[in-house]
Amino acid sequence: MIVFPQGILGFEEYKRYTVVNQEDSMFAFLQSLDEPDLAFVVMYPELVDQSYSVILTKEQIALLEIDEPEDGEVYGIVTIPENVAEMTINLQAPIVINKKKRLGAQIVMMDGKYHTRHNVLAQMHASAYYKAREAHA
Amino acid sequence: MLVLTRKIDQGIMIGDNVRVIVVDVRGDQVKLGIEAPRDVVVHREEIYREIQAENARAALKAAVDLRKVQEAFAAHRSAQKSEQSSD
């Protein structure tokens with residue numbers, strides 16, 4: 001069980017979640033333990049943006065009781081529309097989990113680098129394409 | 001809505017443990033300091049609303065078979081790749 005002391009924006013009343021990994025899948029479920037019908041699909045942001053990193057404020061570090069950067073695990077919430085090709089990931093407000101203390105929070109980043117709807121397919125394509133070009137050069 | 005007039009360095013208390021202070025006023029910009037317990041989230045309103053709306057969109061309305069999503073997604077990816085290699 002992972003406790004989100006502040007909940008997730010818009011779902012503040014639900015504080016307890018668990019991450020359900022799926023075999024052979026890049027996606028996982030962030031499942032509420034308080035409300036069986038509440039779940040989010042999440043994935044590692046690095047899969048769409050290799051340079052992605054989250055900088056926590058000291059209040060956020062205190063909230064999550066993070067001692068070492070390695071304690072933190074970062075997920076992006078994925079929105080899956082009817083057309084899967086239009087799937088987006090929210091890179092502005094990632095889910096950060098302290099694996100050791102089992103604490104989580106949705107962190108809002110204010111640096112203007114990321115927004116709430118990055119197209120997953122396009123961005124994976126771009127980064128894979130870039131990698132291929134680099135390997136070729 | 002409750003409307004209060006405050007000067008720089010003056011504050012208001014919301015409940016027992018949220019304190020908001022006017023730090024600075026310049027033209028039409030007001031700088032506020034906020035002290036709140038850790039479990040109280042504080043955000044600029046427009047950001048809060050945007051993230052809240054996106055979370056509501058993302059929250060699953062029905063059970064999703066992630067394997068099917070992954071398969072459909074993989075199909076789109078390989079279609080893209082073959083497009084790219086034929087460039």
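The values are calculated or read from the model by the stated rules, or taken from the named source; none is laboratory data. Bear in mind the structure is a predicted one, so any value in this text is a computation, not a measurement. In this analysis, Cβ positions are derived from the backbone assuming ideal geometry, glycine residues included, and neighbour counts consider all displayed protein chains.
Structural remarks
- Counting only residues that are facing chain B (nearest Cβ under 7 Å) and either among the aliphatic types (A, V, I, L, M) or surrounded by fewer than 16 Cβ atoms within 10 Å (Cβ to Cβ) (or both), the stretch A:6-16 holds 2 of them.
- Hits in the stretch A:67-81 - residues which are touching a Pro at 6+ places or on another chain (Cβ under 8 Å) and within 16 Å of A:Lys101 (Cβ to Cβ): A:Val74
- Qualifying residues in the stretch A:30-54 (those that are under 11 Å from the mean Cα position of the chain (by Cα) and in a strand (DSSP E or B)) - the one surrounded by the fewest Cβ atoms within 10 Å (Cβ to Cβ): A:Met43
- If the condition is being touching a residue at least 24 places away in the same chain (Cβ under 8 Å) and either in a strand (DSSP E or B) or under 29 Å from A:Met124 (Cα atoms) (or both), then the stretch A:8-29 contributes A:Ile8, A:Leu9, A:Phe11, A:Tyr17, A:Val19, A:Phe27, A:Ala28.
- Close pairs from the stretch B:67-84: first within 9 Å of chain A (Cβ to nearest Cβ) and surrounded by fewer than 16 Cβ atoms within 10 Å (Cβ to Cβ), partner at pLDDT below 75 and in a helix (DSSP H, G or I), Cβ under 7 Å, at least 6 apart: B:Gln84/A:Tyr129
- Qualifying residue in the stretch B:48-55 (condition: over 30 Å from A:Ser32 (Cβ atoms) and in contact with a strand residue (DSSP E or B) (Cβ under 9 Å, 6 or more places away or on another chain)): no
- Qualifying residue in the stretch B:69-86 (condition: in a loop (DSSP other than H, G, I, E, B) and more than 29 Å from A:Asn21 (Cα to Cα)): yes
To keep it simple, each residue is scored yes or no on (1) of a type outside the set (Val, Ile, Thr); (2) in contact with a Cys (Cβ under 7 Å, 6 or more places away or on another chain); (3) surrounded by 14 or more Cβ atoms within 10 Å (Cβ to Cβ); (4) over 17 Å from B:Glu50 (Cα atoms).
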position: A:Asp71; (1), (2), (3), (4): yes, no, yes, yes
position: A:Tyr75; (1), (2), (3), (4): yes, no, yes, yes
position: A:Glu82; (1), (2), (3), (4): yes, no, no, yes
position: A:Pro94; (1), (2), (3), (4): yes, no, yes, no
position: A:Asn98; (1), (2), (3), (4): yes, no, yes, yes
position: A:Val108; (1), (2), (3), (4): no, no, yes, no
position: A:His118; (1), (2), (3), (4): yes, no, yes, no
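- The number of residues in the stretch A:17-29 being surrounded by fewer than 18 Cβ atoms within 10 Å (Cβ to Cβ) and either within 18 Å of B:Lys61 (Cα to Cα) or at pLDDT 95 or above (or both) comes to 3.
- The set of residues from the stretch A:22-81 being more than 8 Å from chain B (Cβ to nearest Cβ) and hydroxyl-bearing (Ser, Thr, Tyr) comprises A:Ser32, A:Tyr44, A:Ser51, A:Tyr52, A:Ser53, A:Thr57, A:Tyr75.
- Filter result (of a type outside the set (A, V, I, L, M, F, W, C) and either facing chain B (nearest Cβ under 9 Å) or closer than 12 Å to B:Gln80 by Cα (or both)) within the stretch A:111-122: A:His115, A:Thr116, A:Arg117
- Residue match in the stretch B:21-39 (condition: assigned to a helix (DSSP H, G or I), of a type in the set (D, E, K, R), surrounded by 13 or more Cβ atoms within 10 Å (Cβ to Cβ) and touching a strand residue (DSSP E or B) at 6+ places or on another chain (Cβ under 8 Å)): no
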